[in-house]
Amino acid sequence: MGIRERLSGNEAVANAMRQIDPDVVAAFPITPSTEIPQYFSAFVNNGKVHTEFVPVESEHSAMSACIGASAAGARVMTATSANGLSLMWEMLYIASSLRLPIVMSCVNRAVSGPLNIHNDHSDSMGARDSGWIQLYGETNQEAYDNIIMAMRIAEHKDIHLPVMNCYDGFITSHSVENIELLEDEKVKAFVGEYHPEHYLLNKDEQIAIGPLDVQPFLFEHKFQQAEAMRKAKDVIKQVQKEFYELTGREYGLIEEYKMEDAEYAVVVLNSTAGTSKEAVDRLRAQGMKVGLIKPRVFRPFPGEEIANALKNVKAVAILDKADGLNGVGGPLFTDTTSAMLINKVTAPKAISYIYGIGGRDVRVEDIESVYKDLQEVANQENVTDTYRYLGLKGGRE
Amino acid sequence: MFESSKINAKSTWKEMTPGGTIYDAGNSVDFKTGDWRSQKPVFIRENCKQCLLCVPCCPDSAIPVNAEGQREDFNYDYCKGCGVCSKACPFHAIEMQ
């Protein structure tokens, strides 16, 4: 029946890592993810885990060490944020293309510059096409649950892709919440032992990893990666089902909140979904038919599921905590609207809202204003201002 | 089981290993790098004293040594023409052309 606790997001994630007891953790501290390797190194020093902890000199080295260890056959985990993730850039692609099932927490923070240590999603959104599976969690509980499921998803024989466990810096990482932990032995049984089929330290099979891959080969290897990413949707659902059977906590590729009869919907990731649920409840009390969609997975993108959930709404606002800087809208907006089009859900009017950049506070009233905007949008003949900003001082001209 | 020698330019994605990992050792012999060469070392046998200074200098192990411990002519399948051997030879027994 689980263990009732009260922990910060980072503490919960570090405890999940203690329970998983990976072979290697290589990490470099960066706010707001620093506490993960900090707590974890205490577990190492107190003999709570058997992990080889590698305190490297940079994030490029952190991911490089993770890649080396994973290629050697180890179960590997790490954590980072913002510019730390940026410094891993080259190695993120190496990890995914070499099909190494590394699990990394990305505690979301704005990527500089100018320097800002607070929460937005510009870090993980920048890495959205690096071939990593990306899970997003609203609460400490989800950050904890996701990292346990991430291990199983990454190491699944049909997948073998690295997984990023994304949750909001400070808001989730440093806030203490009530949480239900699993017993250590249940986590160990759920993730199982890791026995890779091919690994560098196997003395009976001399392998080479990451060799030269010229014109007749790379295309096919990229296709294999894309296939694994496509298959990951089913594997994630299967792992979520097993996790539900173990814990009673039910997850899907997306979470729908009061969407059954909703006329106006918001699509938003991570902790702002909690704020938005409160806005939904308040507006529902006033008789507005509003709902919320929270993607729990961003890569692979649950396009069909989101489009299907939106098919009966009049208008939808897609909220991005990272500006696309592409002249069109945020990354969640562009992927959602593409998915709507190819799934023939073209009736709802769709608006991109950029919000919360650099940790700008987002209140329930802000989200309520979005739903009220949608009411206006639904009644407008021609909506031309589809690229909007929420909480920007001075507004957009 | 995948064998690297069976994976070639015609292989489909189903016939290739995930991530391009090579599961069997010693496969660099299958990859002939000699066609990268723009300059060619020529072995002048009459000048050679069999000192073997050239052999460990070759980054591609393209100077074969026989059972009697004597170097033989270059293996041009793998020589990239870097010229290090020619600089290492004190007896002008290797000439770059």
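Just one of the listed residues (A:Y371, A:Y353) is in a helix (DSSP H, G or I), touching a Leu at 6+ places or on another chain (Cβ under 8 Å), crowded, with 21+ Cβ neighbours inside 10 Å and not aliphatic (A, V, I, L, M), and it is A:Y371. Scanning the range B:15-54 for residues that are buried (at least 17 other Cβ atoms within 10 Å of the Cβ), among the β-branched types (V, I, T) and not in a loop (DSSP other than H, G, I, E, B) returns a single hit, B:I22. For the range B:1-14, the set of residues classified as part of a loop (DSSP other than H, G, I, E, B), surrounded by fewer than 14 Cβ atoms within 10 Å (Cβ to Cβ) and at pLDDT 85 or above consists of B:N8, B:A9, B:K10, B:T12, listed by residue number.
Before we move on, is B:C79 farther than 21 Å from A:A208 by Cβ, among the hydrophobic types (A, V, I, L, M, F, W, C), out of contact with any helix residue (DSSP H, G or I) (no Cβ under 9 Å at 6 or more places or on another chain) and surrounded by 13 or more Cβ atoms within 10 Å (Cβ to Cβ)? Answer is no for this residue.
All conditions in (1) modelled with pLDDT of 95 or more; (2) in contact with a Leu (Cβ under 9 Å, 6 or more places away or on another chain); (3) surrounded by 15 or more Cβ atoms within 10 Å (Cβ to Cβ) hold for A:M151, with the sole exception of (2). Collect the residues in the range A:235-261 that are surrounded by 17 or more Cβ atoms within 10 Å (Cβ to Cβ), in contact with a Leu (Cβ under 8 Å, 6 or more places away or on another chain) and part of a loop (DSSP other than H, G, I, E, B), keeping them in residue-number order. A:M259, the sole residue that qualifies. A:L115 meets each of the listed conditions (1) crowded, with 24+ Cβ neighbours inside 10 Å; (2) assigned to a loop (DSSP other than H, G, I, E, B); (3) hydrophobic (A, V, I, L, M, F, W, C); (4) out of contact with any Ser or Thr (no Cβ under 6 Å at 6 or more places or on another chain) apart from (1).
When A:H174 is tested against (1) more than 24 Å from A:Q19 (Cβ to Cβ); (2) part of a loop (DSSP other than H, G, I, E, B), just one condition goes unmet, and that condition is (1). Please work out if A:G324 is in contact with a helix residue (DSSP H, G or I) (Cβ under 7 Å, 6 or more places away or on another chain) and either assigned by TED's automatic domain parsing to the domain that holds A:W132 or modelled with pLDDT under 95 (or both). Considered against the rule, which asks whether it is in contact with a helix residue (DSSP H, G or I) (Cβ under 7 Å, 6 or more places away or on another chain) and either assigned by TED's automatic domain parsing to the domain that holds A:W132 or modelled with pLDDT under 95 (or both), A:G324 comes out as yes.
Consider the range A:176-226 and keep the residues that are of a type in the set (G, A, S) and surrounded by 14 or more Cβ atoms within 10 Å (Cβ to Cβ). The one that is farthest from the other protein chains (Cβ to nearest Cβ) is A:G210. Could you grab me the full set of residues in the range A:214-234 that are closer than 11 Å to B:T17 by Cβ and part of a loop (DSSP other than H, G, I, E, B)? Within the range A:214-234, A:F217 is the sole residue that qualifies. Pairs meeting the criteria (first residue in the range A:9-31 and closer than 16 Å to A:E57 by Cα, second residue among the charged types (D, E, K, R) and assigned to a helix (DSSP H, G or I), beta carbons under 8 Å, at least 6 apart or on different chains) are A:F28/A:E59; A:I30/A:E59. Taken across the range A:238-253, residues that are closer than 25 Å to B:P18 by Cα and not charged (D, E, K, R) do occur, with at least one present. The helices (runs of 4 or more DSSP H) found entirely in the range A:9-89 that carry 2 or more residues being charged (D, E, K, R) are A:9-20.
The values are calculated or read from the model by the stated rules, or taken from the named source; none is laboratory data. None of these values were measured; they are calculated from a predicted model. Here the Cβ is made from the backbone with ideal geometry for all residues, glycine too, and neighbour counts use every protein chain on show.
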